[in-house]
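*Asks:* This structure is in structure tokens; I'll ask about it shortly.
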Amino acid sequence: MTSTEFFIPIVHLFYIVCVIQALITCYREEAFDRSNFRNCLLNDVCQEMSGYDIAREYFVSKHIDPSCDPKYMVRRLTHPYLRRCALLWELLKSSSSAPLYDSSNIWEGSHHHLDSSTAEGNSSLAIELDGVRELEHLFQIQPLDLILKDECVHMLALRWSQHFCEDYRSRKYRGILFSTPAVPFRLMQLPPVYQVLLERYVKMQCPDCGSVPDEPALCLLCGKLCSPSWKPCCRAGKCLNHASQCGAGVGIFLLVRKTTILLQRSARLTFWPSLYLDAFGEEDHEMHRGKPLYLSQERYAALTYLGGIS
Ligand SMILES: [Zn+2]
Ligand SMILES: [Zn+2]
């Protein structure tokens with residue numbers, strides 16, 4: 001694995017799987033413009049797959065942006081995969097002496113470029129695509145257009161999708177594949193006054209079971225209402241299960257009745273102080289004093305920072 005001769009072909013093989021998965025996920029979205037792929041060999045496979053109920057159940061994304069160029073969208077969905085490959089490669093390399101490139105260090109150049117482009121006010125999409133392009137170059141990945149027209153890839157896609165359908169039907173536990181681009185870590189916008197948040201969420205029903213949770217916990221990554229493990233309203237609504245889908249096991253929840261934060265990392269959990277303080281800068285745990293509470297920008301920034309590095 002530590003030699004490029006073996007590593008790169010493996011990256012290519014699973015890159016193709018990743019492209020096919022991304023395409024099927026895009027195709028299931030009504031608003032996605034498929035016409036860009038009409039002449040590609042992969043079009044028929046993806047069209048057929050995205051029509052099956054089982055595939056619609058499995059290939060899920062809430063990040064398909066119809067305003068983004070369709071081919072860019074597919075490449076953005078391969079970004080997390082390519083980043084993982086780059087990380088794995090770094091790890092493998094750190095315990096061996098075989099370099100991918102003998103010459104310049106590609107990572108140093110990339111950071112320099114990122115800095116200059118943010119200063120110029122370039123759009124975040126352009127920066128993201130630069131990142132994708134850089135990794136495609138690092139792993140010598142062919143242009144997407146060529147991959148989409150490749151006979152071998154087409155054969156592979158046919159066999160893989162057949163295998164997927166057979167295997168998925170017979171499975172007892174049917175998971176879901178969530179596709180996302182490499183999105184930066186961001187907490188949801190919160191109202192400046194706590195009362196607004198409380199009124200909105202304290203009587204809200206769980207979107208999974210329809211009951212009103214005793215201990216509502218708001219996911220600060222996506223805004224979904226959940227419930228903690230000590231008072232779950234249902235299995236799907238549990239913070240632990242939601243965190244595995246929403247943040248790859250990491251979850252940040254606001255306990256609506258307590259005002260405090262619940263941090264989840266797989267089965268482990270811990271607490272963090274309230275983001276809302278009264279006019280004197282003090283917390284009012286479980287709102288015993290009943291004074292108005294205001295969003296603390298410093299604490300919000302501190303929690304965002306904590307989430308970004310976790
Ligand atoms: Zn969430
Ligand atoms: Zn529920």
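*Asks:* As an exercise, use a Förster radius of 41 Å and the Cβ-Cβ distance of HIS163 and ALA126 to find the FRET efficiency, rounded to the nearest 0.05.
*Replies:* The value I calculate is 0.65.
*Asks:* Moving to a separate point now. Quick one: if the Förster radius is 45 Å, what FRET efficiency do GLU151 and LYS231 give, using the C-beta to C-beta distance and rounding to 0.05?
*Replies:* Step by step, r from the Cβ atoms, then E = 0.20.
*Asks:* If you place +1 on the Cβ of every Lys and Arg and -1 on the Cβ of every Asp and Glu, how big does the dipole about the Cα centre of the chain come out, in debye to the nearest 20?
*Replies:* Dipole magnitude for the chain comes out near 1140 debye.
*Asks:* Which value in nm describes the separation of the simple spin-label points at SER94 and SER170, placed 7 Å from the Cα toward the beta carbon?
*Replies:* My value for the distance between the label points is 4.1 nm.
*Asks:* Same structure again: Under a plain spin-label model, where a point goes 7 Å from the Cα along Cα-to-Cβ, how far apart in nm are GLN205 and ALA302?
*Replies:* About 3.9 nm separates the two model spin labels.
*Asks:* Next question. Over the stretch 151-216, what number does the Rg to Rh ratio reach, with both radii from the alpha-carbon atoms and Rh per Kirkwood?
*Replies:* My calculation of the ratio gives 1.24.
*Asks:* Take every Cα pair under 8 Å in the stretch 155-310 that's 6+ residues apart, average their separations, divide by the length, and report that relative contact order as a whole percent.
*Replies:* Relative contact order comes out at 17 percent.
*Asks:* Pop out the Kirkwood hydrodynamic radius of the chain from its pairwise C-alpha distances, inverse of mean 1/r, in Å to one decimal.
*Replies:* Here the Kirkwood hydrodynamic radius works out to 22.3 Å.
*Asks:* OK, next. Could you pull out the trypsin sites (Lys or Arg not before Pro) across the stretch 200-248 that fall in loop regions by DSSP (anything but H, G, I, E, B) with no more than 13 other Cβ atoms inside 10 Å?
*Replies:* Qualifying residues, ordered by number: LYS203, ARG235.
*Asks:* Quick test of the membrane-span-like rule: which DSSP H helices of the chain reach at least 15 Å along their long axis (C-alpha atoms) with mean Kyte hydropathy at least 1.6?
*Replies:* 4-27
*Asks:* So, one more: How high is the relative contact order of the chain, in percent, counting Cα pairs under 8 Å that sit 6 or more residues apart?
*Replies:* After rounding, I find 14 percent.
*Asks:* Can you count the Lys pairs in the chain with C-alpha separation below 23 Å, eight or more apart or on different chains?
*Replies:* Taking the Cα cut-off of 23 Å, the pair count is 15.
*Asks:* On the Cα set of the stretch 194-309, report Rg and Dmax in Å, please.
*Replies:* 13.7, 40
None of the figures in this text is laboratory data; all of them are computed from the coordinates on show. Just so you know, these numbers come straight off a predicted model, no measurement behind them. Note: ideal-geometry Cβ built from the backbone for every residue, glycine included; neighbour counts use all protein chains shown.
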